[in-house]
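> Before I ask anything, here is the structure I am working with.
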Amino acid sequence: MVILLATVVLVGCPTPTGDDPPDAPSPGTPGDAGTLDADFGSGGFYEWRIEENAILHEGRIVEATGSGRSVTLSRKSVAGDLDTSFGTGGSVTVTLPETFDTFSVVSAIPTRIIQTGSRYLVGGSFGVAVDENGAFALAVTTSGTPDASFGNTAVDGLAMTYDDTPTGETDWGEQEFIHVQSSGRVVLMGRSTIGGTNRMVTVGFTSAGAIDTTYGGSGTGYSIFGESDAPFHGAVADASDNIYVPVFVAGQKIGLWRILPNGTPDASFDGDGFLESNGLSLDMFFAISVAESIALDSSGRILIAGGISDSTTYRVGVVAYLPSGVRDTTFGGDYNTDGTPDGFVVFDRFNVTNVTTERADEIEVDGADNIILGAVLEPEGSGRFDLHLFRLDSDGALDPEFGTDGVTVLPDADDSNSVLNDMFITADGKLMINARDYLYQLNN
């Protein structure tokens, strides 16, 4: 079995340049929703290379990189300067053991970070000499020391797993999700191709970092699900520790798993824990063809963003489901003209020439239940890819108080394609954008 891994690269020591990206929107004054925050950096942004797995914690950026068997966790100011109060000079490096479960460990790839209480948890995969992969969780205190109270290896803070799945296979690919339950159990979820079939695999660790054999229903601590679902790009947990996982199903259908806190599919959710929709409208063939991101609002409503297709053209879109798995017919447009919203919204006026890029890449919900979508789109015939930000009201309508008619465009910088790694809502309600080479902040 061969599993493809993402490569994480750190470029240099970042410093602000003070140069505006071409055609950037003018900085606004506080309260001008959708405008750059004039008090942030050089007119609303800092320029430095930010990792895709970075998170925002107490106004600082925390990110992880891998090199050989080592994982380095760094904390930086929003300007990109190392926070010397963290670890040694702003970072801490942990090296995975040379061997695990009789195999030689050759690489470490950190892909997800969360902050929980007084520690950071890093989820990732490690490669072994037989060209297959295991998974790891690394716990580091928020002061920058490996957490000796967590782990199942001789390395402080490090829990690893390999080849203990119910099928006896090495079922780990890239890690896409890490979560700490209210009980303290740590859950990792990844994706893999097993026997030519795309599967999701999840494992539970106890709060001390041992494999939790009560998780997954098989006595191994593992759960494997999804018989023919495409690899997923993210997941989200609700306040009861249920995990929602959106996937693409053959035939351009949307699929949504709900996994219980014990690691098994929730049979009360559409009968078997898996919701499959045969298109989103009765009279039009629309489906989330690429489910890129998922979020929950304050009511527990499930919002899935991605690319919506009518079988010929992809469009930016978002679909809303109630916690019961029923599409929310108070949300979105009335595309089948029956007088009732259809539970999703599509933005036709942002059609682009390269259909593979026309989708929402990220979704966030702010404290007022406004929905923020981020998408990298190519304006018709322009040959460039610009970052588009959409703000929707809770009913799915574009919010005219944000940007221009609900949309703000941040053109690509230095004639290179824009990248959207992530979006954050700050403690004071601002919108921060990790655009890889630029860290933007907008009024929201």
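Any read-out appearing in this document is the output of simple, stated calculations on the displayed coordinates, not a laboratory observation. Everything numeric here is computed off the predicted structure, so don't read it as measured data. Every residue, glycine as well, gets a Cβ built from its backbone with ideal geometry; the counts of neighbours run over all protein chains shown.
> How much length, in nm to one decimal, is gained on full extension between residue 42 and residue 366, taken as 0.36 nm per residue of separation minus their Cα-Cα distance?
114.2 nm
> Please turn the phi angles of region 258-272 into ³J(HN,Hα) values with the Karplus equation 6.51 cos²θ - 1.76 cosθ + 1.60 (θ = phi - 60°), one per residue in order, whole Hz, x for glycine and proline.
Those phi angles translate into 10, 9, 5, x, 8, x, 10, x, 7, 5, 7, 9, 6, x, 9 Hz.
> Let me ask another. Evaluate the distance, in nm, between pseudo-label points positioned 7 Å from the Cα of residue 264 and of residue 405 along their respective Cα→Cβ axes.
That separation, rounded to one decimal, is 5.2 nm.
> Also, I was wondering about something else. Using the Karplus curve 6.51 cos²θ - 1.76 cosθ + 1.60 with θ = phi - 60°, what ³J(HN,Hα) values do you get for each residue of region 150-158, in whole Hz, with x for Gly and Pro?
After applying 6.51 cos²θ - 1.76 cosθ + 1.60, I find 10, x, 10, 10, 6, 9, 3, x, 10 Hz.
> Next question. Subtracting the Cα-Cα distance from 0.36 nm times the residue separation, let me have the gained length for residue 58 to residue 129 in nm, one decimal.
In short, 21.6 nm is gained.
> In addition: Could you give me the ³J(HN,Hα) list for region 298-303, computed from phi with Karplus coefficients 6.51, -1.76, 1.60 and θ = phi - 60°, whole Hz, x at Gly and Pro?
Working through the residues one at a time gives 5, 8, x, 5, 9, 10 Hz.
> Next up: Label points 7 Å out from Cα along the Cβ direction at residue 104 and residue 149: separation in nm?
3.8
> Please compute the net charge surrounding residue 262, taking Lys and Arg as +1 and Asp and Glu as -1 over other residues with Cβ under 13 Å from its Cβ.
-1
> Something else now. In nanometres, what is the gap between the two model label sites at residue 322 and residue 338, each 7 Å from Cα along Cα-to-Cβ?
1.5
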